[in-house]
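One structure coming up, written as structure tokens, with questions to follow.
The values are calculated or read from the model by the stated rules, or taken from the named source; none is laboratory data. Quantities reported herein were computed from a predicted structural model and do not represent experimental measurements. Positions of Cβ are backbone-derived with ideal geometry, glycine not excepted, and every protein chain shown enters the neighbour counts.
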Amino acid sequence: MAINTITLSEKMTGELDRAVVQKSMTGFLNDNAMRAKFVGAGTVLIPNVELSGLGDYFRDGGFAQGSINVSNTVYELKMDRGRSFLLDAQDCDESGIPGLAGQVMGEFVRTKVIPEMDAYVLSKLGSVALENGQTVDGDPSEEAYAMFTEACNKIYNNLGYDEELVAFVNGSFWAGIQSSPEISRMITINDFKQGGADLKVKSINGVPLIPVPDSRMKTEFVFYDGRTTTPNDQTMGGFAPAADAQNIGLLVMPKRAASLVKKTEKIRIFDPDKNQQADAWKFDYRLYYDLIIRESLKSGIVAYIY
């Protein structure tokens, strides 16, 4: 009996989508719902509302007239990424395809998709902090707690003390936190929701700490197109730090400051009889996404960059 490739594609798409959201360091940003409306293949409209402030109430004249201005900000999704894989028909029988396909594509998402998405998101957030001068300085090996507190206080002073914050740290800053007796006594274990999963994370003063590999904590990356051979070979795909990239040691932000918007995450599967390229199973993976940062909360993104 022939395998139902449509059902298998839909099942794998759902499972891989959950993996991207739950396993990535920045997956919680996918939970931030924005009133986004797609008006094309990669164009998103985000409504903005501006209101007048309070005025005096006069007993004779009543209320001072205010205004409500509603406008739309247009965003173009920048990251349209994908890859195609071939699995020779002689390397497996049809009965083993579902398990093998799930294993192969699951590994691809875990080792290639998630790191790249994290890198893109964190570099975009770090660049906003750098461009707005929202940074802190110091030596993480000796001043980790002071730097962390300064970053949090900058956000609270700008946006208020009721913001729910989250902090990303690279390996060096994480090591500074762990080696500090001052901080170790203050670390607690808190619940953290991400993509429907309940995670346990370490926190300081109620702010979750998310350790991120150094390779994803840079201010700028080059994302290879998978095709170009000259002047630089990009056929391996993936990403790498840009030549002038800086390290992000600490990045603190309101949890609601940005939203990960995905237009498409899809798997297509073609069996050898339908594959025109080769006698092989063909797996196509596509991910079309971007990070949208709320303009009103950009002043709440603070980083230590070196």
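Might you let me know whether the range 292-305 holds any residue that is over 24 Å from Pro47 (Cα atoms), surrounded by fewer than 16 Cβ atoms within 10 Å (Cβ to Cβ) and not hydrophobic (A, V, I, L, M, F, W, C)?
As a first pass, look at the range 292-305 and keep what is over 24 Å from Pro47 (Cα atoms): 302-305.
This time we only want the ones that are surrounded by fewer than 16 Cβ atoms within 10 Å (Cβ to Cβ), so: none.
Checked against the condition, which is being over 24 Å from Pro47 (Cα atoms), surrounded by fewer than 16 Cβ atoms within 10 Å (Cβ to Cβ) and not hydrophobic (A, V, I, L, M, F, W, C), the range 292-305 yields no hits at all.
May I pose another question? Does the range 102-123 contain at least one residue that is small (Gly, Ala, Ser), in a helix (DSSP H, G or I) and closer than 22 Å to Pro211 by Cβ? Quick ask: steps written out before the conclusion?
Our first condition is that a residue be small (Gly, Ala, Ser); within the range 102-123, this holds for 102, 106, 119, 123.
If we keep only those that are in a helix (DSSP H, G or I) too, we end up with 102, 106, 119, 123.
Next, from what is left, pick out any that are closer than 22 Å to Pro211 by Cβ: 119, 123.
Yes, the range 102-123 contains at least one residue that is small (Gly, Ala, Ser), in a helix (DSSP H, G or I) and closer than 22 Å to Pro211 by Cβ.
Follow-up question, since we're still on this one. Of the conditions (1) under 30 Å from Ile204 (Cβ atoms); (2) in contact (Cβ under 8 Å) with a residue 60 or more places away in the chain, Ser296 satisfies every one except a single condition; which number is it?
Answer for Ser296: the failing condition is (2).
Yes or no, residue by residue, for (1) touching a helix residue (DSSP H, G or I) at 6+ places or on another chain (Cβ under 8 Å); (2) modelled with pLDDT under 90; (3) assigned to a loop (DSSP other than H, G, I, E, B):
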site	(1), (2), (3)
Glu163	yes, no, yes
Val166	yes, no, no
Ala175	yes, no, no
Thr188	no, yes, no
Ser203	no, no, no
Pro208	no, no, no
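Say we look at the range 103-129 and pick out the residues that are farther than 16 Å from Leu29 by Cβ and crowded, with 16+ Cβ neighbours inside 10 Å; which of these is modelled with the highest pLDDT? Working first, answer last.
Going residue by residue through the range 103-129, those that are farther than 16 Å from Leu29 by Cβ are 103-112.
Imposing the further condition that a residue be crowded, with 16+ Cβ neighbours inside 10 Å reduces the set to 105, 108-109, 112.
Working: Met105: 84, Phe108: 90, Val109: 89, Lys112: 94.
The qualifying residue modelled with the highest pLDDT is Lys112.
Does Leu199 satisfy the criteria of being touching a residue at least 24 places away in the same chain (Cβ under 8 Å) and aliphatic (A, V, I, L, M)? Break it down stepwise before answering.
Numbers: touching a residue at least 24 places away in the same chain (Cβ under 8 Å): no; aliphatic (A, V, I, L, M): yes.
It is false that Leu199 is touching a residue at least 24 places away in the same chain (Cβ under 8 Å) and aliphatic (A, V, I, L, M).
Here's a follow-up. Which of the residues spanning the range 249-260 are crowded, with 23+ Cβ neighbours inside 10 Å, within 15 Å of the chain's Cα centre (by Cα) and outside any loop (DSSP other than H, G, I, E, B)?
Just the residues of the range 249-260 that are crowded, with 23+ Cβ neighbours inside 10 Å, to begin with: 249-253, 257-258.
When the remaining residues are screened for being within 15 Å of the chain's Cα centre (by Cα), the result is 251-253, 257-258.
The answer is Leu251, Val252, Met253, Ala258.
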